[in-house]
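Notes to accompany the following structure.
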Amino acid sequence: MSRCPHDPAAPPGTVAFGPCEPCGHCAFSARQWVADGRLRWASRRDCGACAYGGAEGGAGPAPAHVRAYVLRREGAVVVNPGGRGAAGLREFRELLGLGHGELCGAVRDGYRATPAEARLVAAAGWPPRPPGEVRPDPARGPGCG
């Protein structure tokens, strides 16, 4: 990526070829939804200064920057993945594209899901955790210490 020529930190004479680095003129938006039993996501960035516009999207778990944007904008729903044994944990992990460490944290503390992720896992049998619920003896998944 090249720096946007309208970014105050850009050296004089900077010209952007292709997507520029985000600057104060850039606008970013993203969303996430469920279709046909799968997560879908889309994002768009437009720079009003250099006229760059770009969009991306796909099926499956969203990239970290898209997921972070959706969580900031829409909030999190805490989901408890425990209580369904190793096969259930494997399904939960696959639905959301979680790594082993992320799954262990979700079993211990609950998973901070985007609203779309919460709808997906609720449809598969994991209801949201009631607000303020405290689990005195959290279940541990296999190999989670």
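The values are calculated or read from the model by the stated rules, or taken from the named source; none is laboratory data. It should be emphasised that the depicted structure is a prediction, and the values quoted were computed from it without experimental measurement. Don't worry about glycine lacking a Cβ; one is built from the backbone with ideal geometry, like all the others, and counts go over all protein chains shown. These area figures cover heavy atoms from the full protein model, side chains too; ligands, DNA and RNA do not enter into them. Shrake-Rupley method; radii C 1.70, N 1.55, O 1.52, S 1.80 Å.
When the surface is traced with a 1.4 Å probe over the full set of protein chains, ASP109 keeps roughly 90 Å² accessible. Counting Lys and Arg as +1 and Asp and Glu as -1 over every other residue whose Cβ lies under 15 Å from the Cβ of GLY97, the net charge comes to +2. Near VAL66: Cβ cut-off under 13 Å, other residues only, Lys/Arg at +1 and Asp/Glu at -1. The net charge is +4.
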